[in-house]
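Throughout, read-outs are computed from the coordinates displayed, never taken from laboratory work. Note that this is a predicted model, so its numbers are computed, not measured. Positions of Cβ are generated from backbone atoms using ideal geometry, with glycine treated the same way; all protein chains shown enter the neighbour counts.
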């Protein structure tokens, strides 16, 4: 999976790669329904999806801000914000996530490369323990596949290994970086079953069913 040594940088996605974000969403959906009722919970998710289509990434707090505009006198909004910020993300790491990071760190440099907003996504990385696990090497962009030159400038290496649950992202990175990158597709989460994602070309260099397999797959 690429030459070992200090010239290799391993770039890990977060949501549904190292951390079960589908489970996080399910927990939030139950919390919203319990606090606000089914109709209000459904309204939040419609706002969330509309905002994701607009921005190109998931913005949980931004959706809550927009939802608040429809409920200006509801103090429950503050409790939902605290629920999100204080969520125990470490409990949602996939089995083997930290072992995979530790194993890759023996071969090169590990880093987080994620899409997301500028508040909630860093909080998620920090609360999950991933920030510390990669020594603070955390890059979060709006569209990470459009920022590869900046990634290479911040984390220079002869070779990169990108681990992600979205084949579309991996294909875009492979097209730009060619032989300088090894793409690893982790078949976890709902995107891993999306026909549009599965049809993305070029296909990944390596496919694994769970992040826990990565440590044993490395030479």
Could you give the angle, 0 to 90 degrees to the nearest 10, between helix 76-85's Cα long axis and the longest principal axis of the Cα atoms of the chain? 10
Once the Cα atoms of helix 60-69 and of the chain are each reduced to a long axis, what angle between those two axes, in degrees from 0 to 90 to the nearest 10, is obtained? 20
Taking 0.36 nm per intervening residue step and subtracting the Cα-Cα distance, what contour gain separates residue 154 from residue 175 on full extension? 5.5 nm
Relative packing of peptides 118-127, 25-34 - highest average C-beta neighbours within 10 Å first: 118-127, 25-34
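Order these by the 10 Å Cβ neighbour count, fewest first: 211, 112.
Numbers: 211 28, 112 23.
Ranking 211, 112 by Cβ neighbours within 10 Å, fewest first, gives 112, 211.
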Take every DSSP beta bridge whose two residues both sit in the chain, then give the antiparallel share in percent to the nearest 5. 5
Return the ratio Rg/(2.2 N^0.38 Å) for the chain, where Rg is computed over Cα atoms only. 1.05
Which of 58, 149, 171 moves most in a GNM of the chain, Cα contacts under 10 Å? 149
Simple spin-label model, 7 Å along Cα-to-Cβ: residue 207 to residue 39 in nm? 4.5
Pop the C-beta distance of residue 105 and residue 139 into the FRET formula with R0 = 25 Å and round what comes out to the nearest 0.05. 0.90
Say a paramagnetic label sat at a point 7 Å from the Cα of residue 7, along Cα to Cβ; which residues of segment 152-166 have their backbone N under 16 Å from it? 156-161
The helix 167-177 Cα axis meets the longest alpha-carbon principal axis of the chain at an angle in degrees, between 0 and 90 and rounded to 10, of 40
Rounded to the nearest angstrom and ordered from largest down, what semi-axes does the equivalent ellipsoid of segment 22-89 get from its C-alpha gyration tensor (root of 5λ)? 16, 15, 12
